[in-house]
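The structure appears below as structure tokens.
Values in this text are rule-based calculations from the coordinates and carry no lab data. Source: prediction; values computed, not measured. No Cβ is skipped: glycine too gets one built from the backbone with ideal geometry, and neighbour counts run over all protein chains shown.
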Amino acid sequence: MKRIIFLLIIIILLTCRGYSQSGWQSTFFYNAEEITSISKIDSTNIIAFTYYNNTCIRSSNSGLNWITYKCFDTICTIRDSKFTDSNTGWCVG
């Protein structure tokens with residue numbers, strides 16, 4: 001009897017999908033581009049640079065909404081960035 005109960009428990013555990021943190025939602029970027037750099041400018045402004053298409057993705061409300069911009073008309077990929085405020089920053093590629 002113990003063996004049957006043990007086997008039933010094993011079968012149940014193997015067939016169940018457990019999702020720890022099932023309440024989380026993906027609210028980050030709505031594109032499939034590879035992110036090369038993310039900079040948090042202040043408590044509400046965040047900017048991320050992507051590998052393809054030389055675009056940047058910016059949020060001005062702590063990451064709730066993201067807007068994609070064509071940043072540079074160049075073939076250089078942005079690797080890192082630092083910002084002093086929401087309008088002034090440095091990028092290296």
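When peptides 79-91, 56-68, 38-50 are sorted by average Cβ neighbour count within 10 Å, with the highest value leading, the order is 38-50, 56-68, 79-91.
Annotation: amide H of G89 within the under-5 Å range of T84, sequence separation 5 or more or interchain, hydrogens built in the peptide plane. If amide H atoms are built 1.01 Å from N in the plane of the peptide, which residues on other chains or at least 5 residues away come under 5 Å of the amide H of D80? Excluding prolines and chain starts, which carry no amide H, the hits are V92.
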